[in-house]
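A.B. asks: Can you read through this structure? Questions will come right after.
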Amino acid sequence: MNAIEVKNLRKEFKAYSSRSGLKGAFRDLFTRNYKVVPAVNNISFSVSQGEMVGYIGENGAGKSTTIKMLTGILTPTSGDIRVNGMNPHKEREKFVRTIGVVFGQRSQLWWDIAVQESFRLLKKVYKVTDEQYDDHMQHVIKTLDIEPLLDKPVRKLSLGQRMRCELAAALIHNPPLLFLDEPTIGLDVLVKLKIREFLKEINQKYNTTILLTTHDLSDIEALCERVIMLDEGKVIYDGALHHLKENLADGKELHFQFLEQVDLPAVKKLTSGMPVKWDLDEKEQVFIANLENDDLLISQVIAIVVAAFKIKDIKINETSTEEIIRNIYEKGAVEVG
Amino acid sequence: MFYLTMFFQYISQYAKTRLQYRADLFVEFLSDLMSQAINLVFILVVFGHTKLLGGWSRDEIIFIYGFFLVPYAVFSAFFNIWNFNERYIVKGELDRILTRPIHSLFQIILEQIELESLLGAVTGITVMVYAGSRLGLEVTWYDPFLFFIFVIGGALVYGGIFVMLACISFWADARTSIMPMMYNISNYGRYPVNIYNKLIRFVLTWILPFAFVGVYPASFFLGKTEWYWYAFLTPLIGVVFFSLSIVLWNHGIKKYRGAGN
Amino acid sequence: MKLDKYIEMIRIRFLMMLAYRTNYYTGILIYSINIGAYYFLWTAIYAGKEEIQGLSVSQMTAYVAISWMARAFYFNNLDREMAMEIMEGKVAVELIRPYNYLGMKTMEGLGEGIFRLFLFSLPGLVIVYLIFPIHFTWDLSVWGLFALSILLSFFINTELNLLTGITTFFLYNNAGLIRAKRVIIDLFSGLLLPISFFPGWVQSIMKFLPFQGISYVPSMIFTKGFSHQEAWAAIGQQFIWVVILILPIQLLWYIAKKQLIIQGG
């Protein structure tokens, strides 16, 4: 049985637009203009038990809306959802016992009480027995290293500390399916690494299915073999992450830093007529040439640039995943075999 | 059974947080007492200028007010949902509620519980005893039972109306301040309804039945036989309105749009 | 221009209020029911009496109607809003902005008040006038004095709100205080019943408190319970209170800001 099964899922919102000015506002009192906007536009996919899937897309692509429908928070406008064999919204109370949810931007814990009190309450909410709790949570608490935080009220925790506790709280009933919405937003590298390690571990240990949305592609690279990419409410790619890289990342990036003051048009002019795309990292003053993985072309470009300007530093890199994704969004669709 | 366990779990958590801020608790008690006193002052001042209000004496009106305080205290303790729109809709805390395996309204009621409001019931009973003894009311063996039933009925009427008002937030897309405004209207159930004209009496009886929180049930204890019929209707109206509010809630929750990220 | 941004704030608040249409419709309805209920309550209290404390039934009903309508103008929730902003730490951000926080809050309240005055009170007053046998005066000088007086009411009430709002800095949770302040103002401002109905000793205490400047004064002016001279004297007193209340606000605000800097919000 698939953990998640989604067919032609659609969610529309009414978007009200206000007329401008005072006169417009008065007219709005009586009639208002609105448009029906599909936030999620007939998407279909399925996730099997034990998979870790990255669900990515730009702001407003429909990620959160999908997650909220999958977790039973929102009712779909049309389409079928079966998660853990249930319809999330119809059998909400029974259904949510089988999932864990972490919203990175919002706390799931009670603000004023100590973390362990929140845990105790949640333990009762999810009807977890003492043996199950001890067996499972002691391990979770140890791995996430939150033992010393348990007697502190949530409002006194730092963001990284809180996120680790949130994660533990979402796992109290050891759900077979875990939804993580931006779990690493605003965290420092060490906490991020710890959380990734932990997720990998529970995935292996309990065969937990994990659906993850994030802006940080390094999370996805570290955790997920499969990505589902969303744009304007539609799935534009669903497949293996390495497949995406292999097919689209057959390019190279040349990083140049110059000793003298150079501007982008000047560099662009040098290679005009050649299949090279230039970018400028303004902060570091690094000029980046994106080109195909063609040895001859690479040496030609280097030769021209070196001849024209004094060089401080040169690097040759593989195209980053971020660059790939950005390219996809610019093109609006993925054509991989 | 599960819901009963959860109820006590939440209450014990609640007590722990509350006891951390004892000074607040004290101020709250004081401000509750003060607003109760001020309503009494209003009655006293008014009766400084008149003997009867629509045929009801000063002590009778005070008795009604005392009765009103009891279901109102129960309501305030368990239906403290004034900030529902702000906290759960605008800030999106309903998202969290909906990922938990307990009925959403029940969770919100538990999270917002304010047991200290129950102190108002003590004030109310004191006021009733004072006014009742001045009126020479006699207590029969079944009075406490009826009192209990009427109080629960009244609290359910109140709860039902305010849950329905909270439901407006599921449809209206912006914040509303209807609830505080409604509070003013709820006060009119404390005065004899026969002073109002037909329309307002109709509204207070069948549309926003606040009269069932004050004057109707209290008139039973005051021995006003002409209102007995309404008094006995109190628990029924309470159950009907509260059930309606839950139906509306369950329907409304499907319309929840979620807070924007 | 220095005032521009404050006037812009009034306009924005006005637009914000217009956006909440459910609020608007139910607001008119509820205000009308309120006035209606009080109309009957007072008719019952008079029970055929010619007058009480120099006010006739028709003056009294006009008093009730006008004091609720005036309340729509001077009333605001600035105390609760401030408490919220302070507890969430938003005030620290507000302090960085290039304007006077308290001034801005006052202007927001004024925008809200003007909105309610024209969109609640005026239509509401027309409805009430058509339904109930209430007599309003058409003496323009009375209307003028009334306008001046409710403007001062607004400032007194807003100053009291700001004062309660600022106390959030010093108390962990001032919800109780805010609630207490509201019921006190409802009773002692003369909204529920005219100050002249109170026993003499209460009236003499009230003379030394700002509350009656909020509702009693404008309503008495409107119902011609005050002569012209009395009206001017009362307006003078209102004005004095507006000035006096600035002092504790500035003082508490100064201390609060100092505390904010030390604790970092």
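A.B. asks: Determine which member of the set C:I205, C:I178, C:I244 is within 14 Å of chain B (Cβ to nearest Cβ), assigned to a helix (DSSP H, G or I), surrounded by fewer than 17 Cβ atoms within 10 Å (Cβ to Cβ) and β-branched (V, I, T).
C.D. replies: Working: C:I178 fails: surrounded by fewer than 17 Cβ atoms within 10 Å (Cβ to Cβ); C:I244 fails: within 14 Å of chain B (Cβ to nearest Cβ).
One residue alone meets the criteria, C:I205.
A.B. asks: Whether any residue in the range C:14-23 is part of a helix (DSSP H, G or I), within 13 Å of chain B (Cβ to nearest Cβ) and farther than 21 Å from A:K23 by Cα is what I want to check.
C.D. replies: No, the range C:14-23 contains no residue that is part of a helix (DSSP H, G or I), within 13 Å of chain B (Cβ to nearest Cβ) and farther than 21 Å from A:K23 by Cα.
A.B. asks: Looking at (1) under 27 Å from B:F210 (Cβ atoms); (2) within 20 Å of the chain's Cα centre (by Cα), find the lone condition where C:F14 falls short.
C.D. replies: (1)
A.B. asks: Okay, moving on. Out of the residues in the range A:255-281 meeting the condition of being of a type in the set (K, R) and closer than 23 Å to A:N327 by Cβ, tell me which one is nearest to the chain's Cα centre (by Cα).
C.D. replies: Ranking the candidates gives A:K277 first.
A.B. asks: May I ask you to list the residues in the range A:64-107 that are facing another protein chain (nearest Cβ under 10 Å), in a loop (DSSP other than H, G, I, E, B) and either at positive phi or acidic (D, E) (or both)?
C.D. replies: A:G72
A.B. asks: How many residues are at pLDDT below 90 and touching a Lys or Arg at 6+ places or on another chain (Cβ under 6 Å) if we restrict to the range B:30-58?
C.D. replies: Selection size over the range B:30-58: 1.
A.B. asks: State whether the residues of the range C:62-84 include one that is in contact with a strand residue (DSSP E or B) (Cβ under 8 Å, 6 or more places away or on another chain) and farther than 30 Å from C:L260 by Cα. It would help to see each step written out before you state the result.
C.D. replies: Going residue by residue through the range C:62-84, those that are in contact with a strand residue (DSSP E or B) (Cβ under 8 Å, 6 or more places away or on another chain) are C:63.
Filter once more, keeping what is farther than 30 Å from C:L260 by Cα: C:63.
There is at least one residue in the range C:62-84 that is in contact with a strand residue (DSSP E or B) (Cβ under 8 Å, 6 or more places away or on another chain) and farther than 30 Å from C:L260 by Cα.
A.B. asks: So, of the residues in the range C:153-175 that are within 23 Å of C:N76 (Cβ to Cβ) and outside any helix (DSSP H, G or I), which turns out to be nearest to the other protein chains (Cβ to nearest Cβ)?
C.D. replies: C:N173
A.B. asks: May I ask you to verify whether B:E60 is at the interface with chain C (Cβ under 7 Å from one of its Cβ atoms) and either in contact (Cβ under 8 Å) with a residue 24 or more places away in the chain or under 30 Å from A:L121 (Cα atoms) (or both)?
C.D. replies: Numbers: at the interface with chain C (Cβ under 7 Å from one of its Cβ atoms): no; either in contact (Cβ under 8 Å) with a residue 24 or more places away in the chain or under 30 Å from A:L121 (Cα atoms) (or both): yes.
In short, no.
Quick grid of which residues meet (1) assigned by TED's automatic domain parsing to the domain that holds A:G62; (2) touching a residue at least 12 places away in the same chain (Cβ under 8 Å):
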site: A:G186; (1), (2): yes, yes
site: A:K200; (1), (2): yes, yes
site: A:A222; (1), (2): yes, yes
site: A:V227; (1), (2): yes, yes
site: A:V267; (1), (2): no, yes
site: A:D294; (1), (2): no, no
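A.B. asks: Looking for something more than 30 Å from C:I28 (Cβ to Cβ) and in contact with an Asp or Glu (Cβ under 7 Å, 6 or more places away or on another chain) - is there at least one such residue anywhere in the range A:110-122?
C.D. replies: Yes.
A.B. asks: Which is surrounded by 15 or more Cβ atoms within 10 Å (Cβ to Cβ), of a type in the set (G, A, S) and either touching a Pro at 6+ places or on another chain (Cβ under 7 Å) or closer than 27 Å to C:Q238 by Cα (or both), of C:G103, C:G109?
C.D. replies: That would be C:G109, the only listed residue that is surrounded by 15 or more Cβ atoms within 10 Å (Cβ to Cβ), of a type in the set (G, A, S) and either touching a Pro at 6+ places or on another chain (Cβ under 7 Å) or closer than 27 Å to C:Q238 by Cα (or both).
A.B. asks: Step by step: first the residues of the range A:282-323, then only those that are surrounded by 13 or more Cβ atoms within 10 Å (Cβ to Cβ), modelled with pLDDT of 80 or more and assigned to a helix (DSSP H, G or I), then the one that is nearest to the chain's Cα centre (by Cα). Which residue is that?
C.D. replies: Looking at the filtered set, the residue picked out is A:I298.
A.B. asks: Out of contact with any helix residue (DSSP H, G or I) (no Cβ under 7 Å at 6 or more places or on another chain), farther than 26 Å from A:F95 by Cβ and without any contact (Cβ under 8 Å) to a residue 60 or more places away in the chain: is that true of A:L159 in this structure?
C.D. replies: yes
A.B. asks: Further question on the same structure: Does any residue of the range B:195-218 turn out to be part of a loop (DSSP other than H, G, I, E, B), under 24 Å from B:I149 (Cβ atoms) and in contact with a Phe, Trp or Tyr (Cβ under 8 Å, 6 or more places away or on another chain)?
C.D. replies: yes
A.B. asks: Let me ask another. Kindly indicate the residue of the range B:171-205 that is more than 22 Å from B:S76 (Cα to Cα) and of a type in the set (F, W, Y) and also farthest from the other protein chains (Cβ to nearest Cβ) among those meeting that condition.
C.D. replies: So, considering only residues that are more than 22 Å from B:S76 (Cα to Cα) and of a type in the set (F, W, Y), the one farthest from the other protein chains (Cβ to nearest Cβ) is B:F202.
A.B. asks: Same structure again: With the checklist (1) more than 7 Å from every other protein chain (Cβ to nearest Cβ); (2) closer than 30 Å to C:L193 by Cβ; (3) at pLDDT below 80 in hand, flag the one item B:V27 doesn't pass.
C.D. replies: Exception for B:V27: condition (1).
A.B. asks: May I ask you to list the residues in the range B:73-104 that are away from every other protein chain (no Cβ under 14 Å) and of a type outside the set (V, I, T)?
C.D. replies: B:A73, B:F75, B:A77, B:F78, B:F79, B:F84
A.B. asks: What is the number of the single condition among (1) of a type in the set (V, I, T); (2) touching a residue at least 24 places away in the same chain (Cβ under 8 Å); (3) closer than 28 Å to C:W42 by Cα that B:I149 does not meet?
C.D. replies: Evaluating B:I149 over (1) of a type in the set (V, I, T); (2) touching a residue at least 24 places away in the same chain (Cβ under 8 Å); (3) closer than 28 Å to C:W42 by Cα leaves (3) as the failure.
A.B. asks: Could I ask something else about it? Which of the residues spanning the range C:208-229 are assigned to a helix (DSSP H, G or I), under 21 Å from C:I134 (Cα atoms) and among the hydrophobic types (A, V, I, L, M, F, W, C)?
C.D. replies: C:V217, C:M220, C:I221, C:F222
A.B. asks: May I pose another question? Out of the residues in the range A:11-42 that are surrounded by 12 or more Cβ atoms within 10 Å (Cβ to Cβ) and of a type in the set (S, T, N, Q), which is farthest from the other protein chains (Cβ to nearest Cβ)?
C.D. replies: Here the answer is A:N42.
A.B. asks: Collect the residues in the range A:111-121 that are facing chain B (nearest Cβ under 7 Å) and surrounded by 19 or more Cβ atoms within 10 Å (Cβ to Cβ), keeping them in residue-number order.
C.D. replies: Matches in the range A:111-121: A:I113, A:E117, A:L121.
A.B. asks: Hey, another quick one. Picking from B:L156, B:L146, which residue would you name as being at pLDDT 95 or above, more than 14 Å from every other protein chain (Cβ to nearest Cβ) and farther than 22 Å from B:I61 by Cα?
C.D. replies: The conditions single out B:L156.
A.B. asks: Against the definition (within 14 Å of chain C (Cβ to nearest Cβ), assigned to a helix (DSSP H, G or I) and hydrophobic (A, V, I, L, M, F, W, C)), how does B:I43 come out, yes or no?
C.D. replies: So B:I43 fits the description; yes.
A.B. asks: So which of C:A92, C:A65, C:A44, C:A72 is among the aliphatic types (A, V, I, L, M), facing chain B (nearest Cβ under 9 Å) and part of a helix (DSSP H, G or I)?
C.D. replies: Selected residue: C:A44, the only one of C:A92, C:A65, C:A44, C:A72 that is among the aliphatic types (A, V, I, L, M), facing chain B (nearest Cβ under 9 Å) and part of a helix (DSSP H, G or I).
A.B. asks: Let me ask another. Evaluate the following for B:N85: is it out of contact with any Cys (no Cβ under 9 Å at 6 or more places or on another chain), under 26 Å from B:V213 (Cα atoms) and not in a helix (DSSP H, G or I)?
C.D. replies: So B:N85 does not fit the description; no.
A.B. asks: Please count how many residues of the range C:186-202 are in contact (Cβ under 8 Å) with a residue 24 or more places away in the chain, more than 10 Å from every other protein chain (Cβ to nearest Cβ) and either β-branched (V, I, T) or outside any loop (DSSP other than H, G, I, E, B) (or both).
C.D. replies: 1
A.B. asks: Specify which of the listed residues (A:V227, A:V262) is of a type outside the set (G, A, S) and surrounded by 20 or more Cβ atoms within 10 Å (Cβ to Cβ).
C.D. replies: Being of a type outside the set (G, A, S) and surrounded by 20 or more Cβ atoms within 10 Å (Cβ to Cβ) holds for just one of A:V227, A:V262, which is A:V227.
The values are calculated or read from the model by the stated rules, or taken from the named source; none is laboratory data. Note that the coordinates shown come from a computational prediction; the quantities given were computed from them, not determined experimentally. A quick note on method: Cβ atoms are made from the backbone with ideal geometry, for glycine too, and the neighbour counts reach across all protein chains shown.
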